[in-house]
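The values are calculated or read from the model by the stated rules, or taken from the named source; none is laboratory data. The shown structure was predicted, so the numbers you read here are calculated from the model rather than taken from an experiment. Virtual Cβ from ideal backbone geometry, glycine too; neighbours counted across all protein chains shown. Side chains included, ligands, DNA and RNA excluded: accessible areas come from the protein's heavy atoms. Shrake-Rupley method; radii C 1.70, N 1.55, O 1.52, S 1.80 Å.
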Number of protein chains: 2
Amino acid sequence: MKIAILLYPEFTALDAVGPYEVLGRMPGAEVVFAAERRGPVRSDLGSLALTADAALDEVGAAGLLLVPGGPGSARQHGNPAVLEWLRAVDTTSTWTTSVCSGSLLLAAAGLLTGRRATTHWFVDGELAALGALPAAERVVFDGKYATAAGVSAGIDLALHLAGRIHGDAVAQSIQLVTEYDPQPPYRAGSVATAPPAVVAALRANDLIVR
Amino acid sequence: MKIAILLYPEFTALDAVGPYEVLGRMPGAEVVFAAERRGPVRSDLGSLALTADAALDEVGAAGLLLVPGGPGSARQHGNPAVLEWLRAVDTTSTWTTSVCSGSLLLAAAGLLTGRRATTHWFVDGELAALGALPAAERVVFDGKYATAAGVSAGIDLALHLAGRIHGDAVAQSIQLVTEYDPQPPYRAGSVATAPPAVVAALRANDLIVR
């Protein structure tokens, strides 16, 4: 299965690399990182660039399309080259997926209209305006469209996808190889469980996805 | 704080990017990805390269040193340029850290002699031969040396480090921004919880860290 992962300036690195680490280990997976132009694409924090091995016009089809989020994603909502590419590849895909604010970009391309979808908690109010049906869940499937919540949720999404594509044993094997047995030292990963003062400070700082 | 992350051919991408996503969000963090030569460094699965913005000899000191693992790490055990760089930067660091088989590389450089350390479950038998004291835990601190188990464990390590360096509220804030509220669809992330048939198949295939 060909897996295309979109890159654009100021994407969030873990949004792309978390799912890559899982999906890239599926039997027969062929992953390509694609951007408007080939070459390094700098992520949001500034100190890491991932290489796009292909330009968008070199990737005409994919079995699985994945769109990461990040502070730079909103600028892509008005980029015809990216929007048209998303729509074109979507006509060929078995799965069209996103992490974090990547779902807003899929929605901006018109691909989530009337579909249940999730996104980063900080921007969850924006899904409805783009025509999607917001669901405050970590991973949401609606037909072939699968969306994940913020940043690290892409790992969970990818394990769900591996299970649906190759069965539980393959997905479990990938989980064990990546030793995904999470033991965070705090229970602050969601608005429901984080200390209220931490949530309030982030909201006050308008700290979008970074 | 300056944070240096080592890259080498066939490192595992999530080993580096998981911690980067957390540590890079600490106040005042300055991350540099460093390799023997500047430029793209290809990770183990072949379809992703991260850019090293600095050559090793351009990074003489770091407050935090992080060594990712991966199938390519063993080849670095005999690379004097890398071993000497690790030893030199370690003399300047407040924290010397690793993910996955990165701890074996730290041990090969002589930095974990007599210290408790962890690594990927598949290679945990190799720590003792390199002079470390193996501990089958997800994150292990021994003085300024902090090691994580396989691949995804680097995210947990980084949250521990953020808490020790900047306090709980900052670490919790980063956990919430990265929405690290793990909900894996299986309980297969450790040898203790994965289906025995899955563990046995991986062992039989000699499927080291990939």
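The figures follow:
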| item | result |
| --- | --- |
| Filter result (surrounded by fewer than 18 Cβ atoms within 10 Å (Cβ to Cβ) and either part of a loop (DSSP other than H, G, I, E, B) or on the phi > 0 side of the Ramachandran plot (or both)) within the range B:191-200 | B:Ala192, B:Thr193, B:Pro195 |
| Test: residue in the range B:47-58 that is at the interface with another protein chain (Cβ under 10 Å from one of its Cβ atoms), assigned to a helix (DSSP H, G or I) and either open to solvent by 50 Å² or more (accessible area, probe 1.4 Å) or of a type in the set (A, V, I, L, M) (or both) | no |
| Any hit, the range B:70-83, residues being open to solvent by 20 Å² or more (accessible area, probe 1.4 Å), touching a residue at least 40 places away in the same chain (Cβ under 8 Å), farther than 30 Å from A:Ile3 by Cβ and part of a helix (DSSP H, G or I) | yes |
| Members of the range A:165-190 found to be open to solvent by 10 Å² or more (accessible area, probe 1.4 Å), farther than 13 Å from B:Ala188 by Cβ and either free of Cβ contacts under 8 Å to residues at least 40 places away in the same chain or at the interface with another protein chain (Cβ under 7 Å from one of its Cβ atoms) (or both), listed by number | A:Gln183, A:Pro184, A:Pro185, A:Tyr186, A:Arg187, A:Ser190 |
| Residue in the range A:119-132 that is out of contact with any Leu (no Cβ under 6 Å at 6 or more places or on another chain) and at the interface with another protein chain (Cβ under 7 Å from one of its Cβ atoms) present | yes |
| Check on B:Arg203, basic (Lys, Arg), over 15 Å from the mean Cα position of the chain (by Cα) and over 26 Å from B:Asn79 (Cα atoms) | yes |
| Residue that is most open to solvent (accessible area, probe 1.4 Å), among those in the range B:130-163 that are in a helix (DSSP H, G or I) and without any contact (Cβ under 8 Å) to a residue 24 or more places away in the chain | B:His160 |
| Which listed residue is crowded, with 22+ Cβ neighbours inside 10 Å and either over 16 Å from the mean Cα position of the chain (by Cα) or part of a strand (DSSP E or B) (or both), from A:Leu65, A:Leu111 | A:Leu65 |
| Among the candidates A:Ala81, A:Ala34, residue that is more than 9 Å from every other protein chain (Cβ to nearest Cβ), out of contact with any Gly (no Cβ under 6 Å at 6 or more places or on another chain) and within 21 Å of B:Asp44 (Cβ to Cβ) | A:Ala34 |
| Sole exception among (1) under 13 Å from the mean Cα position of the chain (by Cα); (2) not in a loop (DSSP other than H, G, I, E, B) for A:Thr119, by number | (2) |
| Residue count, the range B:25-46 (criterion: under 15 Å from A:Ala16 (Cβ atoms) and open to solvent by less than 20 Å² (accessible area, probe 1.4 Å)) | 1 |
| Condition met for A:Val140 (among the β-branched types (Val, Ile, Thr), more than 14 Å from A:Pro68 (Cα to Cα) and within 17 Å of the chain's Cα centre (by Cα)) | yes |
| Filter result (part of a loop (DSSP other than H, G, I, E, B) and open to solvent by 10 Å² or more (accessible area, probe 1.4 Å)) within the range A:1-24 | A:Met1, A:Pro9, A:Glu10, A:Gly24 |
